1. Quick one: P(r) of segment 11-86 from all Cα-Cα pairs, 10 Å bins, percents rounded to integers, in order of increasing distance.
2. Among L34, L62, L16, determine the one that fluctuates most according to a GNM of the chain built with springs between C-alpha atoms less than 10 Å apart.
3. For a Förster distance of 35 Å, can you work out the FRET efficiency between the beta-carbons of V26 and S86, rounded to the nearest 0.05?
4. Once the other residues with Cβ under 15 Å from the Cβ of L52 are scored (Lys, Arg +1; Asp, Glu -1), what is the net sum?
5. Give me the 1.4 Å probe accessible area per residue for the chain, excluding ligands and nucleic acids, in Å².
6. I want the local charge near E15. Using Cβ-Cβ distances under 15 Å, sum +1 for each Lys or Arg and -1 for each Asp or Glu among the other residues.
7. For Cα pairs less than 8 Å apart in space and 6+ apart in sequence, what is the mean separation divided by the residue count of segment 19-84, i.e. the relative contact order in percent?
Amino acid sequence: MFISLAEFQGSKRFELRFVDLADYSVVFGAQLDLVNENPLQAVRFFTRLPALPIVKPGAYVLELLCDDETLGGYRIEAEFLPAVPS
């Protein structure tokens, strides 16, 4: 996952959530604290995500929030494929 954020100064807490859109339940979430000394420059953050815990087909969203406001998201459509006979 790559995040690039600008137009904030000082320390901010961000929340990354993986949400099942069928019932808007949060499947997992994590908090991320970032510091930006210059609001005209972007803070860049890169990390590997664990395997997404998809237990049923459907629509999900991976979203980034700050102060309970959604900054962006990535929608994921999950489907299970039938097993291929060997």
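The values are calculated or read from the model by the stated rules, or taken from the named source; none is laboratory data. Treat the numbers as computed from the prediction; the structure is a model and nothing was measured. We place every Cβ from the backbone using ideal geometry, glycine too, and count neighbours over all the protein chains shown. Please note that ligands, DNA and RNA were not included when accessible areas were found on the heavy atoms of the full protein model with its side chains. Shrake-Rupley method; radii C 1.70, N 1.55, O 1.52, S 1.80 Å.
1. All Cα pairs considered, the percentages come to 15, 42, 25, 12, 4, 1.
2. Fluctuation is largest for L34.
3. Numbers: r = 38 Å, r/R0 = 1.08.
Calculated value: 0.40.
4. Here the count lands on 0.
5. The answer is 74 Å² per residue.
6. The answer is -2.
7. 30 percent
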